[in-house]
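Visitor: Structure below; questions to follow.
Quick note: the coordinates plus some simple rules give every number you see, no bench work behind them. Just so it is clear, the structure is predicted and the values come from calculations on it, not from any experiment. Cβ placement follows ideal geometry from the backbone for every residue including glycine, while neighbour counts extend to all protein chains displayed.
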């Protein structure tokens, strides 16, 4: 496993717990880490929108990225092995698929809460099956602490 894509939760504490749980994976020799915070943009807005309606989403996504990178630094993950960013997407599942394809990802780690938060549009099975059926990589659902 050479490349891991981590989808960030909107809650920083959850991202810290996730890093703690997957530490052995991300610290393995030669692993490249890609991490993204996704902001879903409805069709009525241009994909590159900076509309005030999304201001809180963008701020939360940026904060998640900064916090996650800080945690990676604490775990001593070299800068050369990690990259991340905020992605504006029309659909969360297709955003994950696109990033997986673009970066030739071997393992995708998705917090279960991301799936649950999209339950108004997807039931768990269709959300996962859409991703799984489109990937040539493994997917891991991080459940967090009960």
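Visitor: Quick one: helix 55-74 against the long Cα principal axis of the chain, what's the angle to the nearest 10°, folded into 0 to 90?
Guide: So the inclination is approximately 0 degrees.
Visitor: Looking at the chain, what % of its DSSP beta bridges pair antiparallel, to the nearest 5?
Guide: If I count the DSSP bridges inside the chain, around 0 percent turn out antiparallel.
Visitor: Using Cβ counts within 10 Å as a stand-in for footprinting exposure, how do 19, 33 rank, fewest first?
Guide: Arranged by neighbour count, lowest to highest, 19, 33 become 19, 33.
Visitor: While we're looking at this one, here's another question. Evaluate the relative contact order of segment 1-89 (contact order divided by residue number), counting alpha-carbon pairs under 8 angstrom at least 6 apart; express in whole percent.
Guide: This gives 42 percent for segment 1-89.
Visitor: So between residue 51 and residue 2, what do we pick up on full extension, going 0.36 nm a residue minus the alpha carbon distance?
Guide: Here the segment from residue 51 to residue 2 would lengthen by 13.9 nm.
Visitor: Can you tell me the equivalent ellipsoid semi-axes for the chain? Use √(5λ) from the Cα gyration tensor, largest first, whole Å.
Guide: Each semi-axis is the square root of five times an eigenvalue, giving 23, 18, 15 Å.
Visitor: Moving on to the next point. Quick check: residue separation of residue 16 and residue 79 times 0.36 nm, minus the Cα distance between them. What number comes out in nm?
Guide: Between residue 16 and residue 79, full extension yields 20.9 nm more.
Visitor: Then there's this: What's the exposure ranking of 53, 35, going from fewest to most Cβ atoms within 10 Å?
Guide: Going from sparsest to densest Cβ surroundings: 53, 35.
Visitor: Now, a different point. Can you give the FRET efficiency to the nearest 0.05 for residue 134 and residue 62, using r as the Cβ-Cβ distance and R₀ = 25 Å?
Guide: 0.35
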